[in-house]
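First up is the structure itself, then whatever we jot down about it.
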Amino acid sequence: MKMKRTFQIIVLLLISSTSISAQSRLIIEADRGQTTISRHIYGHFSEHLGRCIYGGYWVGEDSSIPNTRGIRDDVVQALKDISIPNLRWPGGCFADEYHWMDGIGPREERPKMINTHWGGVVEDNSFGTHEFLDLCEQLGTEPFISGNVGSGTVEEMSKWIEYITFDGESPMANLRRKNGREEPWKVKFWGIGNENWGCGGNMTPDYYSDLYRHYATFSRDYGDNRLFRIACGANAADYNWTETLMRNAGRHMQGLSLHYYTVPRTWADKGSATDFDETEYFTTIEKTLFMDELITKHSAIMDRYDPAKRVGMVVDEWGTWYNVEPGTNPGFLYQQNTLRDAIVAGINLNIFNNHSDRVKMANLAQTVNVLQAVILTDEEKMLLTPTYWVFHLYKVHQDATLLPLSFRSEKYRNGDKEIEAVSVSASKDDSGKIHITLVNADPGKEHRVATQLVGASVKKVSGKMVTSESTNDYNTFEQPSKVGISDFNGATLSGNDLAIVLPPKSVVMIELQ
Ligand code: AHR
């Protein structure tokens, strides 16, 4: 039966590549899904960096900006609307300088520190453990806390876990009660260090993997709280880091991270967020597509040590990184967000979905006012970026079943280079609805995708999309809705065949029922 299906699909692809010119070809096996797309792939990351925490979430209880216990209501509502499944905090590089005890107790008594990584500004610790976990409760999201390995101690990390999650009589649980929280919180996702190959201590993989084992041992499960311990993983294509971590510490971890940013030019001059030509746009997309190769190669290493795929890959920092907006603090990483960012987000999320047998979590950097933010604020004003609307479209994939697909894309050409124009992933949800998300990265051409659904009988098609006149379009506080969501009517159903016409530079979600 399986052989017969495989044969059918090969024949369909061969026929299509000879007889149907200038269109991409997609075959979706709607009855063959096995892997759940973890909702945690749609996670976010918020660091004590620039105006992410302060101004982005935290305005304080006395603020005239509407807030609940100091946390702004508009931002919480917007994030609830995209069902954010988890939130990583407090860093980033900040995590390995953060001493959690400075952020508990009466706010006016909390010590101040210098945020040396990010602009050298004063951190007054007014947003600490209680405030973060309150934020997560307001959002209905799972906390993901990154512990300090770089400048902390095993004792400090171990006490933090006890403070948050222990229910009985103990010095840390009693301190939590004294600070106003009777019940412990549930915290599952626990990062043991961040970028320990760089800002987190410039360690070698051998040294860090020993430290990881040490810290992980004393990161205890209290009561029925079960930690999902996440080891610091590789910087982009550092495959030796993954190899060493899996060999030395694989059996002590539940997750291994990976960081990869899309930087259009170089780290010294990354390029502008809004002012770019088509060649720079093309390079941005080409560099984004590299995520697929990275995950494939790191997964192959993990497969050798962990063929049962017990350890999840956690891409806990991804997104675009440009030069900061002119006139803003270089340490604050504040950048605008155009339709190009929406295309980048759509491609990355399709890649994560398609690798969801190994990728169990991903976190966009960063939620508000930093890097590829989904939300920008200016005092009381707030806007939703094009990237936000992609998360809105793609939330249908959360915890749905990934559908296997065979796909051949037409090319997008620039000069003598070419890349795949179209990216796709598909899933089926609990109610039986099928969702296909497609990105046409080509800014100059619509792309047709001849799609065949195998093993499903569908009667109704509808869709939504994110697009705009130019890849450089973005939302401003004066014009906050230039790039948003609109209806997509470019899919026509005929039996089990679906003819899709993707507008240039668009991110599309199709629903079939
Ligand atoms: O997201 C900004 C920074 O990028 C993080 O603090 C760090 O982990 C990474 O280098």
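The values are calculated or read from the model by the stated rules, or taken from the named source; none is laboratory data. None of these values were measured; they are calculated from a predicted model. Here the Cβ is made from the backbone with ideal geometry for all residues, glycine too, and neighbour counts use every protein chain on show. Heads up: the accessible areas ignore ligands, DNA and RNA and are worked out on the full protein's heavy atoms, side chains in. Shrake-Rupley method; radii C 1.70, N 1.55, O 1.52, S 1.80 Å.
Is it true that T296 is among the polar types (S, T, N, Q), within 15 Å of the ligand (Cβ to nearest atom) and within 21 Å of the chain's Cα centre (by Cα)?
On the way: among the polar types (S, T, N, Q): yes; within 15 Å of the ligand (Cβ to nearest atom): no; within 21 Å of the chain's Cα centre (by Cα): yes.
Spelling it out, it is not the case that T296 is among the polar types (S, T, N, Q), within 15 Å of the ligand (Cβ to nearest atom) and within 21 Å of the chain's Cα centre (by Cα).
How many residues are outside any helix (DSSP H, G or I) and surrounded by fewer than 17 Cβ atoms within 10 Å (Cβ to Cβ) when one looks only at the range 146-187? Don't jump to the end; show me each part of the working.
Looking only at the range 146-187, we keep the residues that are outside any helix (DSSP H, G or I), and these are 146-153, 166-170, 179-187.
Going one step further and asking which of them are surrounded by fewer than 17 Cβ atoms within 10 Å (Cβ to Cβ), we end up with 151, 153, 167-170, 179-180, 182-183, 186.
Here the count works out to 11.
Of the residues V263, V324, which single one is over 21 Å from P443 (Cα atoms) and open to solvent by less than 50 Å² (accessible area, probe 1.4 Å)?
Values: V263 fails: over 21 Å from P443 (Cα atoms).
Among V263, V324, only V324 is over 21 Å from P443 (Cα atoms) and open to solvent by less than 50 Å² (accessible area, probe 1.4 Å).
Of all residues in the range 451-496, how many are under 15 Å from I510 (Cβ atoms), surrounded by 17 or more Cβ atoms within 10 Å (Cβ to Cβ) and among the small types (G, A, S)?
Residues meeting the conditions: 3.
For the range 274-289, check the following and say yes or no: at least one residue is more than 16 Å from the ligand (Cβ to nearest atom) and over 21 Å from Y474 (Cβ atoms).
For the range 274-289, residues more than 16 Å from the ligand (Cβ to nearest atom) and over 21 Å from Y474 (Cβ atoms): present.
Out of all the residues in the range 233-252, is one or more in a loop (DSSP other than H, G, I, E, B) and open to solvent by less than 10 Å² (accessible area, probe 1.4 Å)? Step through it out loud before you land on a result.
If we filter the range 233-252 for residues that are in a loop (DSSP other than H, G, I, E, B), which is where we start, we get 236-238.
Adding the requirement that they be open to solvent by less than 10 Å² (accessible area, probe 1.4 Å) leaves none.
No, the range 233-252 contains no residue that is in a loop (DSSP other than H, G, I, E, B) and open to solvent by less than 10 Å² (accessible area, probe 1.4 Å).
Hey, could you check the range 305-347 for residues that are farther than 23 Å from E420 by Cβ and hydroxyl-bearing (S, T, Y) and say which is farthest from the ligand (Cβ to nearest atom)?
My answer is Y305.
Give T68, T116 a once-over and let me know the one that is within 16 Å of the ligand (Cβ to nearest atom) and surrounded by fewer than 21 Cβ atoms within 10 Å (Cβ to Cβ).
T116
Looking only at the range 188-202, which residues are surrounded by 23 or more Cβ atoms within 10 Å (Cβ to Cβ) and more than 13 Å from the ligand (Cβ to nearest atom)?
Matches in the range 188-202: F189, W190, I192.
Which residues, taken from the range 256-281, are under 24 Å from S470 (Cβ atoms) and among the β-branched types (V, I, T)?
Going through the range 256-281, the residues under 24 Å from S470 (Cβ atoms) turn out to be 261-265, 269-281.
T262, V263, T274, T279, listed by residue number.
Residues checked against (1) in contact with a Gly (Cβ under 6 Å, 6 or more places away or on another chain); (2) within 16 Å of the ligand (Cβ to nearest atom); (3) open to solvent by 20 Å² or more (accessible area, probe 1.4 Å):
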{"site": "E61", "(1), (2), (3)": "yes, no, yes"}
{"site": "S64", "(1), (2), (3)": "no, no, yes"}
{"site": "G120", "(1), (2), (3)": "no, yes, yes"}
{"site": "F144", "(1), (2), (3)": "no, yes, no"}
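Go through the range 458-496 and report how many residues are basic (K, R) and either more than 29 Å from D429 (Cβ to Cβ) or not in a loop (DSSP other than H, G, I, E, B) (or both).
Residues of the range 458-496 basic (K, R): 459-460, 464, 482.
From what's left, either more than 29 Å from D429 (Cβ to Cβ) or not in a loop (DSSP other than H, G, I, E, B) (or both): 464, 482.
Number satisfying all stated conditions: 2.
Tell me whether the range 88-111 contains one or more residues that are more than 21 Å from G43 (Cβ to Cβ) and either within 16 Å of the ligand (Cβ to nearest atom) or among the polar types (S, T, N, Q) (or both).
Within the range 88-111, one or more residues are more than 21 Å from G43 (Cβ to Cβ) and either within 16 Å of the ligand (Cβ to nearest atom) or among the polar types (S, T, N, Q) (or both).
Could you go through the range 204-227 and let me know if any residue there is under 20 Å from I161 (Cα atoms), within 16 Å of the ligand (Cβ to nearest atom) and open to solvent by less than 10 Å² (accessible area, probe 1.4 Å).
Within the range 204-227, none of the residues are under 20 Å from I161 (Cα atoms), within 16 Å of the ligand (Cβ to nearest atom) and open to solvent by less than 10 Å² (accessible area, probe 1.4 Å).
Can you tell me which of R340, R310 is in contact with a helix residue (DSSP H, G or I) (Cβ under 8 Å, 6 or more places away or on another chain) and at negative phi? Steps first, please.
Details: R310 fails: in contact with a helix residue (DSSP H, G or I) (Cβ under 8 Å, 6 or more places away or on another chain).
Step by step, each of R340, R310 is checked, and only R340 is in contact with a helix residue (DSSP H, G or I) (Cβ under 8 Å, 6 or more places away or on another chain) and at negative phi.
Here are V424, V396: which of them is out of contact with any His (no Cβ under 6 Å at 6 or more places or on another chain) and in contact (Cβ under 8 Å) with a residue 60 or more places away in the chain?
V424
Take the conditions touching a Phe, Trp or Tyr at 6+ places or on another chain (Cβ under 7 Å), small (G, A, S) and at pLDDT 95 or above and apply them to A234. Does it pass?
On the way: touching a Phe, Trp or Tyr at 6+ places or on another chain (Cβ under 7 Å): yes; small (G, A, S): yes; at pLDDT 95 or above: yes.
Taking the combined requirement at face value, the residue satisfies it.
Residues in the range 345-352: is at least one surrounded by 24 or more Cβ atoms within 10 Å (Cβ to Cβ) and either on the phi > 0 side of the Ramachandran plot or not in a helix (DSSP H, G or I) (or both)?
No.
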